[in-house]
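Accompanying notes for the structure given below.
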Amino acid sequence: MESQFGIAHVWAQGDFVSRSVAVLLLLMSVASWAVIIIKALALVKMKKYASKAQDFWHSEDFGIALNKLGTDIDNPFRTMALEGREAVAHHRKTCDHLHDTLDISDWITRSLRYCVDACTQRLQSGLSILASVGSTAPFVGLFGTVWGIYHALVAIGMSGQSSIDKVAGPVGEALIMTAFGLAVAIPAVLGYNALVRGNKKIINALNSFAHDLHAYFVTGARISSEKHGSEGNKVLPLKKGA
């Protein structure tokens, strides 16, 4: 009797539509878990970059500070520092063409903002998959349930046996699709929310670092808060010469 019920029995007795719904839910689950794992690893990597950026300003000159960020080309903090330095050099070389239309502060701002926007786009890529899976998977599972109940009731009607023991089995098997839909949607929603929160922290760190870089390249020193009032919290201004 056990072989007549369960997931294997649902698959064996299902038609093309019900099997397609099951395969679709499986693919959605695989895609969402792949995005969650990949983006979570990338987020951990970004947090390491952000921690290195905290030591950037505790350096004697720009070259030493740049080395503290490492050599990884995927490090957005290092990319911003390099782009800012390149923007200053480029503005000085072409000041005759840019001075009348765009000052150095605006030029550096554009360069740093481009880096922040590029990193933000990279962090947010793939999250639309989780949002789509989280919002549609329950309805896909519900569609499979409705389709399965319809065919179960048709089969019961054709057999002429409408007792509770004959109805409960097929209808209960059809409801498995709803459970599958929820099992796919819940991790996608939780993963999406967790990744969004983590991305916001990284983006805030990027914006703060870009603001400090802008102040350094324009004025020669980082704008730092002295609300703690201790010498150990003061940050030495980096030398201009990289």
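Restricting the first residue to the stretch 20-46 and requiring it to be within 30 Å of W147 (Cα to Cα), which pairs with a second residue that is modelled with pLDDT under 95 and of a type in the set (F, W, Y) meet a Cβ separation below 8 Å and a spacing of at least six or different chains?
Matching pairs, first to second residue: V21/F143; V21/W147; A22/W11; A22/F180; L25/F180.
Return a yes/no flag: does the stretch 162-169 have any residue that is in a helix (DSSP H, G or I), of a type in the set (G, A, S) and at pLDDT below 85.
yes
Are any residues in the stretch 123-148 surrounded by fewer than 18 Cβ atoms within 10 Å (Cβ to Cβ), over 30 Å from K47 (Cα atoms) and aliphatic (A, V, I, L, M), and if so, which ones?
L142, V146
Looking only at residues in the stretch 126-161 that are of a type in the set (S, T, Y) and modelled with pLDDT of 90 or more, which one is farthest from V23 (Cα to Cα)?
S128
Please specify each residue of the stretch 40-73 satisfying the condition of being modelled with pLDDT of 80 or more, closer than 18 Å to A210 by Cβ and outside any loop (DSSP other than H, G, I, E, B).
M46, K47, Y49, A50, S51, K52, A53, A65, L66, K68
Here are some residues: D100, D117. Which one is more than 30 Å from I203 (Cβ to Cβ), among the charged types (D, E, K, R) and either modelled with pLDDT of 90 or more or out of contact with any Pro (no Cβ under 6 Å at 6 or more places or on another chain) (or both)?
D100
Determine whether T79 is of a type in the set (S, T, Y) and in a loop (DSSP other than H, G, I, E, B).
So T79 does not fit the description; no.
The values are calculated or read from the model by the stated rules, or taken from the named source; none is laboratory data. Not measured: the values here are computed from a predicted model. All Cβ positions, glycine included, derive from the backbone under ideal geometry; neighbour counts span all protein chains shown.
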